[in-house]
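The values are calculated or read from the model by the stated rules, or taken from the named source; none is laboratory data. These numbers were taken from a predicted model, which means no experiment stands behind them. Every residue, glycine among them, receives a Cβ derived from its backbone with ideal geometry; neighbour counts consider all protein chains shown.
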């Protein structure tokens, strides 16, 4: 394929870092193949991405679209990680206001014939089509999650009217499955949608109008779900593998990593619990205390990353751990309130398991190193991910179905069983075996190559400007 035949492809992810990085991986792969890629996001997101690869600089360009001010959105905020989770709707409103500058970008760059997008920009596929630009939806979640929600028509027409509708396995799932939400996982989401565009409607509109879907998973892991999702959509559904990250995709100050490494080096192999709840999980102060006491009762060493996002309005970071807790666990436990190099921590020999909010990216990273999971669910799709992995490569911490309450005893028991005790041996063995899929770079290359060939072979649309 000569340079004149090379494609010009725009990438437009949602602003959460767990979305941005998979998009960036795909963008780099297209650039490595000689295609011209335009990575479009907000200034802070762009500045956070590694841009030092001179080999790709002629093929991968970054375009900044500043977020407009929105009432209710603090000035300077450009990511969900900077907000209490109940204010995400204001960030989505600001993101929706990028429609005009993005369309102007496509008009000004008439060589762009494809745009790879996220679920939030429900307005993009039809607007791009009017300009002669094909839209591809990139699902950064797995095919099981995608198929759970049904067809585009189901989503647009509001099939899931009540929270309870999401607590049952859908009728179109024709294999043995326990994939469904628990009531406490979805009540908050239903309350948030009253004066904003619901996420399920956004997702449905994208599915309806996009030309194809690419999914961050592969049939080697979930063959039935890929089959069902393809039948529901009646359009191409392409796996792009789990996209296991590489260490060079993530930068961290050497001094910060050295502190963590020295602490991990002092612990026995496979003994440490790594605890990180991402940016989706909101716990009350009471439940943060239960989690802390559970870690203490487990008797195992742990690193607990408490990020600076306000988990409870007005409270951040170490405000949420019990008084005296850090003194009692000194030496055995380490509380980390800075950004943590998660990949490097998970790769360390002393880490034996991951207590996670069950975000798909975190699960991929953990299983890429063969580490079993102890799961607390957050928002979004994390409940479905936890059901998919429970009793397979880890355990969900037992919680009340309605309000999500849990006890320190259930935390301690789950940790010990997954990491140390004899009855968790099968979970540990299964997690270790999953490295062959989740950490498989050959699968990654195979599916990315197939995706690129699909887009290369699809007849280029005629641009109208």
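Between 10, 94, 81, the distinction of being under 22 Å from the mean Cα position of the chain (by Cα) and either outside the structural domain of residue 239 (by TED's automatic domain parsing) or not in a helix (DSSP H, G or I) (or both) belongs to 10 only.
Taking the listed residues 179, 116, 103, 173, the one that is at pLDDT 90 or above and assigned to a strand (DSSP E or B) is 116, with no other qualifying.
Looking at 69, 74, can you tell me which residue is more than 21 Å from the chain's Cα centre (by Cα), surrounded by fewer than 14 Cβ atoms within 10 Å (Cβ to Cβ) and free of Cβ contacts under 8 Å to residues at least 12 places away in the same chain?
74
Have a look at 150, 158 and point out the one that is part of a loop (DSSP other than H, G, I, E, B) and closer than 16 Å to residue 235 by Cβ. Only one candidate passes the filter, namely 150.
Hey, can you tell me all the residues within the stretch 377-409 that are in a loop (DSSP other than H, G, I, E, B), closer than 13 Å to residue 184 by Cβ and within 22 Å of the chain's Cα centre (by Cα)? Answer for the stretch 377-409, where residues must be in a loop (DSSP other than H, G, I, E, B), closer than 13 Å to residue 184 by Cβ and within 22 Å of the chain's Cα centre (by Cα): 377, 378, 379, 397, 404.
Restricting attention to the stretch 338-363, which residues are within 16 Å of residue 434 (Cβ to Cβ) and outside any loop (DSSP other than H, G, I, E, B)? Walk me through how you get there before you give the answer.
Here is the first cut: in the stretch 338-363, the ones within 16 Å of residue 434 (Cβ to Cβ) are 346-347, 351-354, 356, 358, 360-363.
The answer is 346, 347, 351, 352, 353, 354, 356, 360, 361, 362, 363.
So for the stretch 266-273 (the condition being farther than 30 Å from residue 454 by Cβ, in contact (Cβ under 8 Å) with a residue 40 or more places away in the chain, surrounded by 18 or more Cβ atoms within 10 Å (Cβ to Cβ) and touching a strand residue (DSSP E or B) at 6+ places or on another chain (Cβ under 8 Å)), does at least one residue qualify? The answer is yes, given that some residue of the stretch 266-273 is farther than 30 Å from residue 454 by Cβ, in contact (Cβ under 8 Å) with a residue 40 or more places away in the chain, surrounded by 18 or more Cβ atoms within 10 Å (Cβ to Cβ) and touching a strand residue (DSSP E or B) at 6+ places or on another chain (Cβ under 8 Å).
So is residue 40 in contact with a strand residue (DSSP E or B) (Cβ under 7 Å, 6 or more places away or on another chain) and in the same structural domain as residue 13 (by TED's automatic domain parsing) or not? Spelling it out, residue 40 is indeed in contact with a strand residue (DSSP E or B) (Cβ under 7 Å, 6 or more places away or on another chain) and in the same structural domain as residue 13 (by TED's automatic domain parsing).
Residues in the stretch 165-176 that are touching a residue at least 12 places away in the same chain (Cβ under 8 Å) and surrounded by 12 or more Cβ atoms within 10 Å (Cβ to Cβ): 166, 167, 170, 172, 173.
Selection within the stretch 84-100: residues that are more than 14 Å from residue 196 (Cβ to Cβ) and out of contact with any strand residue (DSSP E or B) (no Cβ under 9 Å at 6 or more places or on another chain). The member of this set that is surrounded by the fewest Cβ atoms within 10 Å (Cβ to Cβ) is 100.
Scanning the stretch 251-281 for residues that are in contact with a helix residue (DSSP H, G or I) (Cβ under 8 Å, 6 or more places away or on another chain), in a loop (DSSP other than H, G, I, E, B), over 17 Å from residue 370 (Cβ atoms) and modelled with pLDDT of 95 or more yields nothing.
Residues are listed down the side, and each one gets a yes or a no for (1) assigned to a strand (DSSP E or B); (2) surrounded by fewer than 17 Cβ atoms within 10 Å (Cβ to Cβ); (3) on the phi > 0 side of the Ramachandran plot:
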site: 34; (1), (2), (3): no, yes, yes
site: 57; (1), (2), (3): no, yes, no
site: 63; (1), (2), (3): yes, yes, no
site: 122; (1), (2), (3): no, no, no
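Inspect the stretch 221-236 for any residue being within 20 Å of the chain's Cα centre (by Cα) and either at positive phi or modelled with pLDDT under 95 (or both) and give the result as yes or no. No, the stretch 221-236 has no match at all. Only a single item in (1) at negative phi; (2) surrounded by fewer than 20 Cβ atoms within 10 Å (Cβ to Cβ); (3) modelled with pLDDT of 90 or more is not met by residue 39, and it is number (2). Consider the stretch 128-147 and keep the residues that are part of a helix (DSSP H, G or I) and out of contact with any strand residue (DSSP E or B) (no Cβ under 9 Å at 6 or more places or on another chain). The one that is surrounded by the most Cβ atoms within 10 Å (Cβ to Cβ) is 147. Screening the candidates 284, 350, 318, 358 for the property of being in contact with a helix residue (DSSP H, G or I) (Cβ under 8 Å, 6 or more places away or on another chain) and at pLDDT below 90 yields one hit, 318. The set of residues in the stretch 376-388 being over 20 Å from residue 279 (Cα atoms) and in contact with a strand residue (DSSP E or B) (Cβ under 6 Å, 6 or more places away or on another chain) is empty. Name the residue, out of 187, 205, that is assigned to a helix (DSSP H, G or I), modelled with pLDDT under 95 and either out of contact with any strand residue (DSSP E or B) (no Cβ under 9 Å at 6 or more places or on another chain) or not assigned by TED's automatic domain parsing to the domain that holds residue 452 (or both). Result of the check over 187, 205: 187. Among the candidates 71, 89, the residue that is farther than 27 Å from residue 28 by Cβ, modelled with pLDDT under 95, touching a helix residue (DSSP H, G or I) at 6+ places or on another chain (Cβ under 9 Å) and not in a loop (DSSP other than H, G, I, E, B) is uniquely 89. The set of residues in the stretch 417-427 that are part of a helix (DSSP H, G or I) and under 19 Å from residue 299 (Cα atoms) comprises 417, 418, 419, 422, 423, 424, 425. When we screen 416, 402 for residues that are at pLDDT 95 or above and surrounded by fewer than 24 Cβ atoms within 10 Å (Cβ to Cβ), the only hit is 416. Reported count of residues in the stretch 208-250, each being assigned to a helix (DSSP H, G or I) and in contact (Cβ under 8 Å) with a residue 24 or more places away in the chain, is 12.
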